[in-house]
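In what follows, a single structure is set out as C-alpha coordinates and then discussed.
The values are calculated or read from the model by the stated rules, or taken from the named source; none is laboratory data. What you see is a predicted model; the values in this text were computed from it and never measured. Positions of Cβ are generated from backbone atoms using ideal geometry, with glycine treated the same way; all protein chains shown enter the neighbour counts. The protein model used for the area step is the full one, side chains on, heavy atoms only, and it has no ligands, DNA or RNA in it. Shrake-Rupley method; radii C 1.70, N 1.55, O 1.52, S 1.80 Å.
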Amino acid sequence: MESAALMWSVAAVTAAVFFWFVCIMGSAEVKGKRAVDLKMGSITRDKVQDKYKQYWSFFRLPIETLNSSENVPAFVDTFYNLVTDIYEWGWGQSFHFSPSLPGRSHRDATRIHEERVVDLIKARPGNRILDVGCGVGGPMRAIAARSGSDVVGITINEYQVGRARAHNRKAGLDGACEVVCGNFLQMPFGDSAFDGAYSIEATCHAPRLEDVYAEIYRVLKPGAMYVSYEWVTTGLYRAGDPEHVEAIHGIERGDALPGLRSQDQIAEVARRVGFEVIEERDLALPPAGPWWNRLKMGRLAYWRNHILVSILTILRIAPKGVVEIHEMLYETARHLTRGGEMGIFTPMHMILCRKPIDGDDN
Ligand SMILES: C=C(CC[C@@H](C)[C@H]1CC[C@H]2C3=CC[C@H]4[C@H](C)[C@@H](O)CC[C@]4(C)[C@H]3CC[C@]12C)C(C)C
Ligand SMILES: C[S@@+](CC[C@H](N)C(=O)[O-])C[C@H]1O[C@@H](n2cnc3c(N)ncnc32)[C@H](O)[C@@H]1O
(Lines give C-alpha, C1' and ligand atoms only; values in the text may rest on other atoms or scores of the structure.)
(Ligands and ions follow the chains in the order given, each with its own letter.)
Protein backbone atom coordinates (compact mmCIF):
# COMPACT_ATOMS: atom_id res chain seq x y z
CA MET A 1 0.00 0.00 0.00
CA GLU A 2 2.79 2.37 1.01
CA SER A 3 4.82 1.61 -2.12
CA ALA A 4 1.76 2.21 -4.33
CA ALA A 5 1.27 5.62 -2.69
CA LEU A 6 4.96 6.37 -3.20
CA MET A 7 4.71 5.39 -6.88
CA TRP A 8 1.67 7.63 -7.39
CA SER A 9 3.43 10.53 -5.70
CA VAL A 10 6.52 10.09 -7.89
CA ALA A 11 4.30 9.90 -11.00
CA ALA A 12 2.36 13.03 -9.98
CA VAL A 13 5.55 15.00 -9.28
CA THR A 14 7.09 13.84 -12.61
CA ALA A 15 3.95 14.89 -14.51
CA ALA A 16 3.90 18.29 -12.77
CA VAL A 17 7.61 18.89 -13.50
CA PHE A 18 7.10 17.86 -17.14
CA PHE A 19 4.08 20.16 -17.51
CA TRP A 20 6.03 23.07 -16.00
CA PHE A 21 9.06 22.34 -18.22
CA VAL A 22 7.02 22.15 -21.43
CA CYS A 23 4.18 24.59 -20.90
CA ILE A 24 5.64 27.22 -18.62
CA MET A 25 9.37 27.30 -19.29
CA GLY A 26 9.01 26.14 -22.86
CA SER A 27 6.94 29.03 -24.13
CA ALA A 28 8.34 31.81 -26.27
CA GLU A 29 9.17 35.25 -24.96
CA VAL A 30 6.21 36.61 -26.89
CA LYS A 31 3.44 34.19 -26.01
CA GLY A 32 2.01 32.18 -28.86
CA LYS A 33 4.13 29.17 -29.70
CA ARG A 34 4.88 26.36 -27.24
CA ALA A 35 7.37 23.53 -27.59
CA VAL A 36 4.53 21.00 -27.90
CA ASP A 37 3.36 22.87 -31.03
CA LEU A 38 6.59 22.51 -33.00
CA LYS A 39 5.41 21.41 -36.46
CA MET A 40 8.17 22.35 -38.90
CA GLY A 41 6.19 24.45 -41.37
CA SER A 42 4.36 22.92 -44.27
CA ILE A 43 6.55 19.79 -44.25
CA THR A 44 4.75 16.56 -43.30
CA ARG A 45 6.08 14.98 -40.09
CA ASP A 46 7.79 12.04 -41.78
CA LYS A 47 9.71 14.30 -44.23
CA VAL A 48 11.32 16.69 -41.73
CA GLN A 49 14.58 14.76 -41.36
CA ASP A 50 14.91 14.31 -45.17
CA LYS A 51 14.28 17.99 -45.78
CA TYR A 52 16.94 18.86 -43.23
CA LYS A 53 19.42 16.64 -45.09
CA GLN A 54 18.34 18.22 -48.37
CA TYR A 55 19.00 21.66 -46.86
CA TRP A 56 22.58 20.66 -46.05
CA SER A 57 23.19 19.07 -49.44
CA PHE A 58 22.61 22.48 -51.01
CA PHE A 59 25.97 23.66 -49.65
CA ARG A 60 27.71 20.85 -51.56
CA LEU A 61 26.54 22.27 -54.90
CA PRO A 62 29.01 24.14 -57.12
CA ILE A 63 29.16 27.83 -56.21
CA GLU A 64 27.43 28.97 -59.48
CA THR A 65 24.41 26.72 -58.76
CA LEU A 66 24.40 27.80 -55.12
CA ASN A 67 24.20 31.45 -56.17
CA SER A 68 21.60 31.09 -58.91
CA SER A 69 18.31 32.99 -58.60
CA GLU A 70 16.43 29.85 -59.70
CA ASN A 71 17.55 27.63 -56.82
CA VAL A 72 17.92 29.98 -53.88
CA PRO A 73 14.24 30.85 -53.19
CA ALA A 74 13.28 27.15 -52.94
CA PHE A 75 16.22 26.48 -50.64
CA VAL A 76 15.27 29.49 -48.47
CA ASP A 77 11.66 28.26 -48.39
CA THR A 78 12.81 24.83 -47.13
CA PHE A 79 14.93 26.54 -44.48
CA TYR A 80 11.98 28.54 -43.16
CA ASN A 81 9.77 25.46 -43.06
CA LEU A 82 12.40 23.92 -40.80
CA VAL A 83 13.05 26.87 -38.48
CA THR A 84 9.94 29.09 -38.30
CA ASP A 85 8.32 27.30 -35.35
CA ILE A 86 11.59 27.10 -33.41
CA TYR A 87 12.23 30.82 -34.04
CA GLU A 88 8.74 31.73 -32.81
CA TRP A 89 9.02 29.50 -29.78
CA GLY A 90 12.51 30.60 -28.73
CA TRP A 91 12.70 34.19 -30.01
CA GLY A 92 9.23 35.61 -30.68
CA GLN A 93 7.37 36.97 -33.70
CA SER A 94 10.16 39.28 -34.93
CA PHE A 95 12.92 37.36 -36.68
CA HIS A 96 15.74 39.87 -36.33
CA PHE A 97 18.29 41.33 -33.90
CA SER A 98 18.23 44.72 -32.17
CA PRO A 99 20.85 46.80 -30.35
CA SER A 100 20.50 45.98 -26.65
CA LEU A 101 19.26 48.92 -24.57
CA PRO A 102 20.35 49.27 -20.94
CA GLY A 103 17.44 48.79 -18.56
CA ARG A 104 15.03 47.79 -21.35
CA SER A 105 13.66 44.32 -22.15
CA HIS A 106 14.40 42.48 -25.42
CA ARG A 107 10.80 43.08 -26.33
CA ASP A 108 11.17 46.87 -25.96
CA ALA A 109 14.49 46.88 -27.83
CA THR A 110 12.88 44.92 -30.68
CA ARG A 111 9.92 47.28 -30.93
CA ILE A 112 12.11 50.40 -30.84
CA HIS A 113 14.34 48.98 -33.62
CA GLU A 114 11.21 48.33 -35.71
CA GLU A 115 9.56 51.70 -35.01
CA ARG A 116 12.72 53.49 -36.15
CA VAL A 117 11.61 52.45 -39.66
CA VAL A 118 8.46 54.58 -39.35
CA ASP A 119 10.49 57.75 -38.80
CA LEU A 120 13.08 56.90 -41.43
CA ILE A 121 10.63 56.30 -44.28
CA LYS A 122 8.17 58.89 -42.93
CA ALA A 123 5.25 56.43 -42.94
CA ARG A 124 1.95 58.22 -42.31
CA PRO A 125 -1.69 57.23 -41.82
CA GLY A 126 -3.22 56.07 -45.08
CA ASN A 127 0.14 55.25 -46.72
CA ARG A 128 0.64 51.83 -48.36
CA ILE A 129 3.95 50.41 -47.16
CA LEU A 130 5.74 47.27 -48.39
CA ASP A 131 7.50 44.86 -45.99
CA VAL A 132 10.02 42.91 -48.08
CA GLY A 133 10.56 39.48 -46.46
CA CYS A 134 8.01 39.84 -43.66
CA GLY A 135 8.43 36.58 -41.70
CA VAL A 136 5.47 36.01 -39.38
CA GLY A 137 4.87 39.75 -39.24
CA GLY A 138 6.28 41.02 -35.90
CA PRO A 139 7.72 44.19 -37.52
CA MET A 140 4.68 44.70 -39.76
CA ARG A 141 2.31 44.87 -36.79
CA ALA A 142 4.56 47.24 -34.84
CA ILE A 143 4.96 49.52 -37.88
CA ALA A 144 1.27 49.53 -38.84
CA ALA A 145 0.24 50.23 -35.23
CA ARG A 146 2.78 53.02 -34.79
CA SER A 147 2.28 54.78 -38.13
CA GLY A 148 -1.38 54.20 -38.99
CA SER A 149 -0.20 53.02 -42.45
CA ASP A 150 -1.42 49.93 -44.27
CA VAL A 151 1.38 47.40 -44.55
CA VAL A 152 1.66 44.67 -47.20
CA GLY A 153 4.19 41.93 -46.40
CA ILE A 154 5.68 39.44 -48.80
CA THR A 155 7.37 36.15 -47.87
CA ILE A 156 8.44 33.16 -49.93
CA ASN A 157 7.22 30.77 -47.24
CA GLU A 158 3.56 29.70 -47.31
CA TYR A 159 3.62 28.52 -43.70
CA GLN A 160 4.73 31.98 -42.55
CA VAL A 161 1.83 33.53 -44.48
CA GLY A 162 -0.62 31.46 -42.39
CA ARG A 163 1.16 32.31 -39.14
CA ALA A 164 1.36 36.03 -39.96
CA ARG A 165 -2.33 36.23 -40.91
CA ALA A 166 -3.33 34.46 -37.69
CA HIS A 167 -1.20 36.86 -35.60
CA ASN A 168 -2.64 39.87 -37.48
CA ARG A 169 -6.18 38.73 -36.70
CA LYS A 170 -5.34 38.09 -33.06
CA ALA A 171 -3.78 41.56 -32.74
CA GLY A 172 -6.85 43.15 -34.39
CA LEU A 173 -4.59 44.42 -37.19
CA ASP A 174 -5.87 42.32 -40.10
CA GLY A 175 -7.52 45.44 -41.53
CA ALA A 176 -4.16 47.24 -41.72
CA CYS A 177 -1.83 44.31 -42.47
CA GLU A 178 -1.96 42.09 -45.54
CA VAL A 179 0.35 39.15 -46.28
CA VAL A 180 1.23 37.78 -49.70
CA CYS A 181 3.15 34.62 -50.58
CA GLY A 182 5.68 35.38 -53.30
CA ASN A 183 9.25 35.87 -54.39
CA PHE A 184 10.74 39.29 -53.72
CA LEU A 185 12.90 38.88 -56.83
CA GLN A 186 9.72 39.02 -58.97
CA MET A 187 7.00 40.71 -56.94
CA PRO A 188 3.31 40.40 -57.87
CA PHE A 189 2.75 44.18 -57.57
CA GLY A 190 2.37 46.87 -60.21
CA ASP A 191 4.86 49.69 -60.81
CA SER A 192 4.71 52.65 -58.36
CA ALA A 193 2.27 50.82 -56.07
CA PHE A 194 3.76 51.80 -52.67
CA ASP A 195 4.38 55.00 -50.68
CA GLY A 196 7.33 53.44 -48.86
CA ALA A 197 9.14 50.16 -48.25
CA TYR A 198 11.44 48.46 -45.78
CA SER A 199 13.27 45.17 -45.36
CA ILE A 200 14.53 43.88 -42.03
CA GLU A 201 17.27 41.22 -42.20
CA ALA A 202 15.69 39.62 -45.28
CA THR A 203 17.44 40.77 -48.48
CA CYS A 204 20.59 38.90 -47.35
CA HIS A 205 18.78 35.83 -48.77
CA ALA A 206 18.86 37.28 -52.30
CA PRO A 207 21.58 35.71 -54.47
CA ARG A 208 22.08 39.12 -56.17
CA LEU A 209 21.19 42.25 -54.21
CA GLU A 210 20.61 44.18 -57.49
CA ASP A 211 17.66 41.95 -58.32
CA VAL A 212 15.72 42.64 -55.14
CA TYR A 213 16.67 46.34 -54.94
CA ALA A 214 15.58 46.83 -58.58
CA GLU A 215 12.20 45.21 -57.80
CA ILE A 216 11.71 47.45 -54.75
CA TYR A 217 12.65 50.49 -56.85
CA ARG A 218 10.08 49.47 -59.48
CA VAL A 219 7.14 49.13 -57.06
CA LEU A 220 7.85 52.41 -55.21
CA LYS A 221 6.27 55.73 -56.17
CA PRO A 222 8.72 58.47 -57.21
CA GLY A 223 9.82 60.35 -54.08
CA ALA A 224 9.11 57.32 -51.81
CA MET A 225 11.65 56.12 -49.24
CA TYR A 226 13.11 52.66 -48.66
CA VAL A 227 15.12 51.51 -45.64
CA SER A 228 16.91 48.21 -45.19
CA TYR A 229 18.70 46.55 -42.28
CA GLU A 230 21.35 44.46 -44.06
CA TRP A 231 23.48 41.49 -42.91
CA VAL A 232 27.07 42.25 -43.99
CA THR A 233 30.71 41.68 -43.16
CA THR A 234 32.44 44.82 -41.85
CA GLY A 235 35.77 46.40 -42.78
CA LEU A 236 37.43 44.33 -40.00
CA TYR A 237 36.76 41.05 -41.81
CA ARG A 238 39.92 39.40 -43.21
CA ALA A 239 39.43 36.63 -45.76
CA GLY A 240 42.89 35.29 -44.80
CA ASP A 241 42.05 34.81 -41.12
CA PRO A 242 40.76 31.25 -40.47
CA GLU A 243 38.80 32.34 -37.39
CA HIS A 244 37.00 35.03 -39.40
CA VAL A 245 36.27 32.63 -42.25
CA GLU A 246 34.93 29.96 -39.87
CA ALA A 247 32.49 32.42 -38.24
CA ILE A 248 31.25 33.85 -41.55
CA HIS A 249 30.81 30.42 -43.17
CA GLY A 250 29.02 29.24 -40.03
CA ILE A 251 26.62 32.19 -40.28
CA GLU A 252 25.97 31.51 -43.98
CA ARG A 253 25.30 27.78 -43.48
CA GLY A 254 23.07 28.20 -40.44
CA ASP A 255 20.98 31.03 -41.92
CA ALA A 256 20.37 29.94 -45.54
CA LEU A 257 22.56 32.64 -47.03
CA PRO A 258 23.96 32.24 -50.54
CA GLY A 259 26.99 34.38 -49.47
CA LEU A 260 27.36 37.41 -47.20
CA ARG A 261 28.12 40.75 -48.85
CA SER A 262 30.55 43.33 -47.53
CA GLN A 263 29.38 46.61 -46.01
CA ASP A 264 30.83 48.76 -48.80
CA GLN A 265 28.88 46.98 -51.56
CA ILE A 266 25.40 47.98 -50.37
CA ALA A 267 25.19 51.68 -51.29
CA GLU A 268 26.90 50.97 -54.61
CA VAL A 269 24.14 48.49 -55.53
CA ALA A 270 21.38 50.88 -54.37
CA ARG A 271 22.77 53.66 -56.58
CA ARG A 272 23.19 51.29 -59.53
CA VAL A 273 19.45 50.46 -59.57
CA GLY A 274 18.58 54.18 -59.45
CA PHE A 275 18.16 55.03 -55.73
CA GLU A 276 19.48 58.18 -54.15
CA VAL A 277 21.28 57.11 -50.94
CA ILE A 278 20.25 59.44 -48.09
CA GLU A 279 22.07 57.76 -45.21
CA GLU A 280 24.11 54.65 -44.46
CA ARG A 281 25.13 53.57 -40.96
CA ASP A 282 25.92 50.47 -38.92
CA LEU A 283 23.32 50.61 -36.14
CA ALA A 284 25.39 48.09 -34.13
CA LEU A 285 28.22 50.55 -33.49
CA PRO A 286 28.52 52.26 -30.05
CA PRO A 287 26.65 53.78 -28.27
CA ALA A 288 24.42 50.83 -29.30
CA GLY A 289 24.71 47.90 -26.89
CA PRO A 290 25.83 44.53 -28.33
CA TRP A 291 23.03 42.88 -30.33
CA TRP A 292 24.56 39.44 -29.64
CA ASN A 293 24.00 39.76 -25.85
CA ARG A 294 20.57 38.23 -26.23
CA LEU A 295 22.09 35.14 -27.89
CA LYS A 296 24.84 34.81 -25.28
CA MET A 297 22.70 35.27 -22.22
CA GLY A 298 20.46 32.44 -23.37
CA ARG A 299 23.08 29.67 -23.12
CA LEU A 300 21.38 28.02 -20.15
CA ALA A 301 18.06 28.32 -21.96
CA TYR A 302 19.57 26.50 -24.96
CA TRP A 303 20.31 23.49 -22.78
CA ARG A 304 16.82 23.53 -21.38
CA ASN A 305 15.47 23.73 -24.93
CA HIS A 306 17.74 20.92 -26.13
CA ILE A 307 16.46 18.61 -23.39
CA LEU A 308 12.92 19.67 -24.14
CA VAL A 309 13.07 18.95 -27.90
CA SER A 310 14.82 15.63 -27.18
CA ILE A 311 12.04 14.53 -24.79
CA LEU A 312 9.34 15.69 -27.20
CA THR A 313 10.98 13.74 -30.04
CA ILE A 314 11.23 10.57 -27.93
CA LEU A 315 7.54 10.96 -27.03
CA ARG A 316 6.81 11.50 -30.79
CA ILE A 317 5.17 14.83 -30.04
CA ALA A 318 7.81 16.63 -32.13
CA PRO A 319 8.80 15.15 -35.53
CA LYS A 320 12.11 13.35 -36.00
CA GLY A 321 14.82 15.77 -37.09
CA VAL A 322 13.91 18.60 -34.71
CA VAL A 323 16.84 17.84 -32.40
CA GLU A 324 19.28 18.17 -35.35
CA ILE A 325 17.66 21.44 -36.49
CA HIS A 326 17.84 22.78 -32.94
CA GLU A 327 21.50 21.74 -32.77
CA MET A 328 22.19 23.56 -36.06
CA LEU A 329 20.62 26.75 -34.63
CA TYR A 330 22.70 26.44 -31.49
CA GLU A 331 25.87 26.25 -33.63
CA THR A 332 24.65 29.23 -35.67
CA ALA A 333 24.15 31.25 -32.51
CA ARG A 334 27.80 30.51 -31.59
CA HIS A 335 29.04 31.76 -34.97
CA LEU A 336 26.82 34.86 -34.86
CA THR A 337 28.12 35.69 -31.38
CA ARG A 338 31.75 35.26 -32.51
CA GLY A 339 31.07 37.42 -35.58
CA GLY A 340 29.62 40.14 -33.35
CA GLU A 341 32.37 39.94 -30.73
CA MET A 342 35.14 40.12 -33.34
CA GLY A 343 33.34 43.06 -34.99
CA ILE A 344 33.55 41.38 -38.41
CA PHE A 345 29.79 41.02 -38.95
CA THR A 346 26.70 43.16 -38.40
CA PRO A 347 23.02 42.28 -38.96
CA MET A 348 21.97 45.94 -38.91
CA HIS A 349 23.82 47.88 -41.56
CA MET A 350 21.13 50.48 -42.23
CA ILE A 351 20.72 52.03 -45.68
CA LEU A 352 18.12 54.72 -46.32
CA CYS A 353 17.23 55.40 -49.95
CA ARG A 354 14.83 57.53 -51.97
CA LYS A 355 13.41 56.91 -55.40
CA PRO A 356 14.06 60.17 -57.25
CA ILE A 357 11.22 62.13 -58.81
CA ASP A 358 11.70 62.58 -62.57
CA GLY A 359 13.89 65.58 -63.11
CA ASP A 360 15.63 65.31 -59.69
CA ASP A 361 19.40 65.73 -59.85
CA ASN A 362 20.83 62.38 -58.76
C1 LIG B 1 17.68 37.18 -39.85
C2 LIG B 1 17.81 35.89 -39.69
C3 LIG B 1 17.40 35.24 -38.39
C4 LIG B 1 17.99 35.93 -37.18
C5 LIG B 1 17.56 35.37 -35.82
C6 LIG B 1 16.09 35.68 -35.58
C7 LIG B 1 17.88 33.85 -35.66
C8 LIG B 1 19.35 33.55 -35.93
C9 LIG B 1 19.73 32.35 -35.04
C10 LIG B 1 18.44 31.95 -34.37
C11 LIG B 1 18.47 31.15 -33.10
C12 LIG B 1 19.59 30.56 -32.64
C13 LIG B 1 19.62 29.69 -31.48
C14 LIG B 1 18.22 29.10 -31.15
C15 LIG B 1 18.22 28.29 -29.85
C16 LIG B 1 19.23 27.15 -29.95
C17 LIG B 1 16.83 27.74 -29.55
O18 LIG B 1 16.85 27.06 -28.30
C19 LIG B 1 15.79 28.84 -29.48
C20 LIG B 1 15.79 29.65 -30.77
C21 LIG B 1 17.18 30.24 -31.09
C22 LIG B 1 17.53 31.30 -30.05
C23 LIG B 1 17.11 30.86 -32.54
C24 LIG B 1 16.16 32.04 -32.59
C25 LIG B 1 16.22 32.86 -33.86
C26 LIG B 1 17.66 33.27 -34.21
C27 LIG B 1 18.27 34.17 -33.14
C28 LIG B 1 18.49 35.06 -40.77
C29 LIG B 1 17.95 33.70 -41.00
C30 LIG B 1 18.76 35.80 -42.04
C1 LIG C 1 15.04 36.47 -41.10
S2 LIG C 1 13.45 36.57 -41.76
C3 LIG C 1 13.04 38.25 -41.32
C4 LIG C 1 11.55 38.43 -41.27
C5 LIG C 1 11.06 39.81 -40.84
N6 LIG C 1 11.62 40.84 -41.64
C7 LIG C 1 11.33 40.03 -39.38
O8 LIG C 1 12.24 40.81 -39.10
O9 LIG C 1 10.67 39.41 -38.55
C10 LIG C 1 13.70 36.69 -43.54
C11 LIG C 1 12.43 36.70 -44.33
O12 LIG C 1 12.73 36.89 -45.72
C13 LIG C 1 11.91 36.05 -46.48
N14 LIG C 1 12.52 35.77 -47.80
C15 LIG C 1 13.75 35.28 -48.07
N16 LIG C 1 13.92 35.13 -49.40
C17 LIG C 1 12.77 35.55 -49.98
C18 LIG C 1 12.34 35.68 -51.33
N19 LIG C 1 13.10 35.32 -52.36
N20 LIG C 1 11.11 36.17 -51.55
C21 LIG C 1 10.29 36.54 -50.52
N22 LIG C 1 10.64 36.44 -49.23
C23 LIG C 1 11.88 35.96 -48.95
C24 LIG C 1 11.77 34.80 -45.64
O25 LIG C 1 10.70 34.01 -46.06
C26 LIG C 1 11.60 35.43 -44.26
O27 LIG C 1 10.25 35.75 -44.09
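Using only alpha carbons, the stretch 93-169 has a radius of gyration to Kirkwood radius ratio (Rg to Rh) of 0.97. Positive end of the dipole of the stretch 38-105 (Cβ unit charges, origin at the Cα centre): among TRP89, GLN54, ILE43, the Cα lying farthest that way belongs to TRP89. Packing-based ranking of 220-231, 182-193 yields 220-231, 182-193, ordered from highest to lowest mean Cβ neighbour count within 10 Å. Once C-alpha pairs closer than 8 Å and six or more residues apart are averaged by separation and normalised to the residue number of the stretch 294-362, the relative contact order reads 23 percent. Dipole magnitude for the stretch 52-113: computed about the Cα centre from +1 point charges on Lys and Arg Cβ and -1 point charges on Asp and Glu Cβ, it is near 260 debye. Among 170-181, 237-248, the peptide with the highest mean count of other Cβ atoms within 10 Å heads the list, and the full ranking is 170-181, 237-248. Heavy-atom accessible surface of the chain, averaged per residue, reaches 46 Å², computed with a 1.4 Å probe. Taking θ as phi - 60° and the Karplus parameters 6.51, -1.76 and 1.60, the scalar couplings of the stretch 112-123 work out to 5, 5, 6, 5, 4, 4, 4, 5, 5, 9, 6, 6 Hz in sequence order, x denoting glycine and proline.
Rounded to the nearest 20, the Cβ-based charge dipole of the stretch 170-304 about its Cα centre (Lys and Arg +1, Asp and Glu -1) stands at 480 debye. By the rule of a C-alpha distance below 16 Å, with chain neighbours fewer than 8 residues away ignored, the aspartates and glutamates paired with LYS33 are ASP85, GLU88. The Kirkwood hydrodynamic radius of the stretch 177-249, based on inverse pair distances between different Cα atoms, is 14.3 Å.
Relative contact order for the chain using alpha-carbon pairs under 8 Å, separation at least 6, rounded to a whole percent? RCO, the chain: 19 percent. A protection proxy built from the mean count of other Cβ atoms within 10 Å ranks the segments 76-87, 280-291, most packed first, as 76-87, 280-291.
Roll a 1.4 angstrom probe over the protein heavy atoms and tell me the percent of accessible area of the stretch 259-362 that is carbon or sulfur. Walk me through the numbers on the way to the answer.
Numbers: 2760 of 5030 Å².
About 55 percent, which is the carbon plus sulfur part of the accessible surface.
Evaluated over the Cα positions of the stretch 295-362, the convex hull gives a direction-averaged projected area, one quarter of its surface, of 8.3 nm². Overall, the chain carries a charge dipole of about 1160 debye about its Cα centre when +1 sits on the Cβ of Lys and Arg and -1 on the Cβ of Asp and Glu, all other atoms neutral.
Straight-line cross-link reach from LYS39 at under 24 Å between alpha-carbon atoms covers these lysines, not counting any fewer than eight positions away in the same chain: LYS31, LYS47, LYS51, LYS53, LYS170, LYS320. Axis angle, to the nearest 10 degrees, between helix 299-314 and the longest C-alpha principal axis of the chain: 60 degrees. Hey, how many Å between the Cα centroid of the stretch 178-207 and the Cα centroid of the stretch 294-362? Value for the Cα centre distance between the two parts: 22 Å. Farthest toward the positive end of the dipole of the chain, out of GLN186, GLY274, TYR80, is the Cα of TYR80, where the dipole comes from beta carbon charges about the Cα centre. Each of ALA301, ALA288, LEU329 was scored by the projection of its Cα onto the charge dipole of the stretch 242-329, and the greatest displacement toward the positive side belongs to ALA301; charges sit on the C-beta of Lys, Arg, Asp and Glu. The alpha-carbon atoms of the chain define a convex hull whose volume equals 153 cubic angstrom per residue. So what's the angle, to the nearest 10 degrees on a 0 to 90 scale, between helix 2-19 and the longest Cα principal axis of the chain? Around 0 degrees separate the two axes. Spin-label pair ILE357-ALA267: with each label point 7 Å from Cα along the Cα-Cβ axis, the two points sit 2.5 nm from one another. When its C-alpha radius of gyration is set against 2.2 N^0.38 Å (N residues), the stretch 209-319 gives a value of 1.47. Across the stretch 128-143, computed HN-Hα scalar couplings (Karplus, 6.51 cos²θ - 1.76 cosθ + 1.60, θ = phi - 60°) run 10, 10, 9, 9, 8, x, 8, x, 9, x, x, x, 4, 5, 5, 6 Hz from first to last residue, x flagging Gly and Pro. Top mean-square fluctuation among VAL132, VAL269, VAL152, Gaussian network model of the chain, C-alpha springs under 10 Å? Per the Cα network of the chain with a 10 Å cutoff, VAL269 tops the list.
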